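The values are calculated or read from the model by the stated rules, or taken from the named source; none is laboratory data. Being a predicted model, the structure only gives us computed values, none of them experimental. We place every Cβ from the backbone using ideal geometry, glycine too, and count neighbours over all the protein chains shown. Surface accessibility is based on the protein's heavy atoms, side chains included, excluding ligands, DNA and RNA. Shrake-Rupley method; radii C 1.70, N 1.55, O 1.52, S 1.80 Å.
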Amino acid sequence: MKISIIGTGYVGLPTGIGLAELGHDVICIDQDTAKINALKHGQTTLYEEGLADLLGKHRQTGKIRFTSSMKDGILGADVVFLAVGTPPHPVTKEADLQYIFAAAKELAQYLDGYTVVAVKSTVPVGTGDEVEALIKTVNPKADVDVISVPEFLREGYAIDDFFHPDRIIIGSDSERAKAKMAELYAYFQDKTQILYVNRRSSETIKYASNAFLAVKIHYINEMADFCEQTGADIDEVAKGMGLDKRIGHRFLKAGPGYGGSCFPKDTAALAYIARRHGVNMTIIEDVICQNAARKKKMAHRILAAVQDITQPKIAVLGLAFKEGTDDCRESPAIEIINELLSHHVDITAYDPQAISNAKKILGEQIRYASSIDETVKQADVLAVLTEWPEFKNLDLNRIGQLMAHKNIVDCRNMLDKQQVLNLGFTYACIGWNCRKKNK
Ligand code: UGA
């Protein structure tokens, strides 16, 4: 099938490359010409495991192409995916739909023959109705169905998630559109559940799922605070809880609070939509507020570890909002660093992939190191802020020798507590307090 994808970000690009791998003819459209030129030359514009290899492969097979021209991208398409950003409004936090509407208006002019326009961007309930009305206004003769196909890819695992989804949701009442999507996703027919629902339910499923996961993370973080006061260990508690199939292990990892371009934005947008509809979502409202406060709390935990030192040097491992990505949007690490900077400390940070994106936010306020050794040299405390696998097996003997003080605050519970303590470090982590344990 001929597929057009508008938007080559963290959703559009992996989706396009995944569909090309399934054998479809894909053309990705983006108005950012620099991005399109890079992609045309086989350079990936974001870091995602496996993406570069598949991009290289399908530039050869010709299954994926790139263009900045909406006309060239849309003509002849069977399915057009809208995968543009829906950033939060700076004040109200509602999803800003200007890019969706602009793309819908423009693509409408070039629709020829029956086309399914599938909204993949995360949008408030009812947006599909507005997109359809807009297309019909611009091009009253268009033979089109607008459907909702929400995206559930996680950054850092996008390619794997594309090929192994827990479910595919298709929101439409049109039998023609459903048949087209069944053809598009034929590969998944006997591998995963394809659920057909109405468009508004589909739009809601996306927000409801992300908000639920954010609540789950916040719940385990609150339980971690409880463990710190009671001598329990959150990792053991989460393991014990997760064995109950009704609860499950995933998204029970306590940490510095959730971040990224999705959970903070989508919980805020959901709360806004709910308020507009007169529904009081107290759980979501509280989680948003507590999650923001948690990052400040983490910064103060790091400051507490160096409270006796004047002009402390802080070493930071991790800048991305999670492992496996170069994305720093709403990264807990960045928010923690910003709070630390307001206390005039000296910071050196390292991240395997995210330094260039972190620089765009933090500029020259901190130093960026190119290795772990360089980061920890002469530091008074080491703060682990992102869960990169390479931070799991740190050479702690060497790190202890390089640091000015053997002091670690592990906000991702990555290190083996007993080993760290045996090596003579002062150690603070999440949801476990060695002083309480020894009482
Ligand atoms: C999230 C959802 O998991 C995807 O299903 C969805 O498609 C995506 O948003 C989206 O809406 O586009 P993503 O933001 O890439 O994916 O990352 P997650 O793996 O969900 O992590 C989000 C945040 O929660 C990170 O800061 C992570 O460190 C944190 N987290 C996650 C925890 O603190 N504990 C956990 O157990 C899991």
**Message:** Let me make sure I get this right: for region 1-88, a, b and c are the square roots of the gyration tensor eigenvalues over alpha carbons, sorted descending. Under 1.5 in a/c it's rounded, otherwise prolate if a/b > b/c, else oblate. Which is it?
**Reply:** rounded
**Message:** How many angstrom lie between the Cα centre of region 1-35 and the Cα centre of region 380-439?
**Reply:** 42 Å
**Per-q log10 I(q)/I(0), region 265-424, q = 0.11, 0.13 Å⁻¹ (Debye; single scatterer per alpha-carbon; no solvent)** = -0.47, -0.63
**Request:** Using only Cα atoms, find the angle between the long axis of helix 199-230 and the longest principal axis of the chain, and express it within 0 to 90 degrees, rounded to the nearest 10.
**Result:** 10 degrees
**Alpha carbon centroid spacing (whole Å) that separates region 225-245 from region 128-198** = 39 Å
**Complete:** Interchain or sequence-distant (5+) residues whose placed amide H lies within less than 5 Å of the amide H of Ala349 are Val316, Arg367, Tyr368, Ala369
**Fill in**
In region 138-244, taking the dipole from +1 charges on Lys and Arg beta carbons and -1 charges on Asp and Glu beta carbons about the Cα centre, the listed residue (Leu243, His218, Leu153) farthest towards the positive end is Leu153
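Please report the projected area of region 98-248's Cα convex hull averaged over all directions, in nm².
Details: hull surface 46.1 nm².
Mean shadow area of the hull around the Cα atoms is 11.5 nm².
Take the alpha-carbon positions of region 123-184, form their convex hull, and give its projected area averaged over all directions (one quarter of the hull surface) in nm². Could the numbers behind the result be given before it?
Working: hull surface 21.7 nm².
Taking a quarter of the hull surface, the average projection is 5.4 nm².
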**Message:** Under 5 Å between amide hydrogens, which residues at least 5 positions from Val119 or on another chain qualify, with H placed 1.01 Å from N in the peptide plane?
**Reply:** Leu82, Ile147, Ser148, Val149
**Over 18 Å between alpha carbons, listed pairs Lys245/Lys265; Lys191/Lys253; Lys35/Lys206; Lys265/Lys322; Lys322/Lys417; Lys120/Lys360** = Lys245/Lys265; Lys191/Lys253; Lys35/Lys206; Lys322/Lys417; Lys120/Lys360
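How much of the pair distance distribution for the chain lies past 38 Å, counting alpha-carbon pairs only, in percent?
Working: 27488 of 96141 pairs.
Above the 38 Å cut-off, the chain has 29 percent of its Cα pairs.
Placing unit charges on C-beta atoms (Lys and Arg positive, Asp and Glu negative, everything else neutral), compute the dipole magnitude of region 42-83 about its Cα centre in debye, rounded to 20. Before the final figure, lay out each step's value.
Values: 5 positive and 5 negative charges, 42 e Å.
The calculated dipole for region 42-83 is roughly 200 debye.
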**Selected from Tyr427, Tyr258, Tyr185 as most flexible by GNM, with the chain as the system and alpha-carbon contacts under 10 Å** = Tyr185
**Message:** Suppose the chain between Lys136 and Asp225 were pulled fully straight at 0.36 nm per residue; how much longer would it get relative to their current alpha carbon spacing?
**Reply:** 26.7 nm
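Please give the charge dipole size of region 107-178, origin at the Cα centre, charges +1 on K and R Cβ atoms and -1 on D and E Cβ atoms. Round to the nearest 20 debye.
120 debye
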**Asked** Top mean-square fluctuation among Asp160, Asp244, Asp129, Gaussian network model of the chain, C-alpha springs under 10 Å?
**Response** Asp244
**Message:** Springs between alpha-carbon pairs under 10 angstrom, Gaussian network model over the chain: which of Ala104, Ala186, Ala238 fluctuates most?
**Reply:** Ala186
**the chain, helix-only ellipticity at 222 nm - DSSP H runs n ≥ 4, -39,500 (n - 2.57), divided by all residues, nearest 500** = -13000 deg cm²/dmol
**Prompt:** Which lysines does Lys63 reach when only Cα atoms under 16 Å apart count, and residues fewer than 8 places away in its own chain are ignored?
**Reply:** Lys2, Lys40
**Complete:** Surrounding charge for Ser342, neighbours by C-beta under 12 angstrom, Lys/Arg +1, Asp/Glu -1, total -1
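Give me the 1.4 Å probe accessible area per residue for the chain, excluding ligands and nucleic acids, in Å².
Details: 19790 Å² over 439 residues.
So the chain comes to 45 Å² accessible per residue, rounded to a whole number.
Between Lys40 and Ile309, what is 0.36 nm times their sequence separation minus the Cα-Cα distance? Round to one decimal in nm. Working shown, then result.
Values: separation 269, 0.36 × 269 = 96.84 nm, distance 5.21 nm.
Length gained, Lys40 through Ile309: 91.6 nm.
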**Complete:** Measuring from the longest principal axis of the C-alpha atoms of the chain, the long axis of helix 12-21 (C-alpha) lies at a number of degrees, nearest 10, equal to 70 degrees
**Request:** About the Cα centre of the chain, how large is the charge dipole given +1 on each Lys and Arg Cβ and -1 on each Asp and Glu Cβ? Please answer in debye to the nearest 20.
**Result:** 500 debye
**Item:** Equivalent ellipsoid, region 184-307 (semi-axes from 5 times Cα gyration tensor eigenvalues, Å)
**Value:** 31, 21, 13
**Fill in**
Long-range amide H partners of Asp327, meaning residues 5 or more apart or on another chain whose placed amide H is closer than 5 Å, are Phe321
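Go through Met1, Met181 and list them by solvent-accessible area, largest first, probe radius 1.4 Å. Please list the in-between numbers first.
Numbers: Met1 40, Met181 0 Å².
Result, largest first: Met1, Met181.
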**Request:** Mind pulling the angle between the C-alpha long axis of helix 175-184 and the longest principal axis of the chain? Nearest 10 degrees, somewhere in 0 to 90.
**Result:** 60 degrees
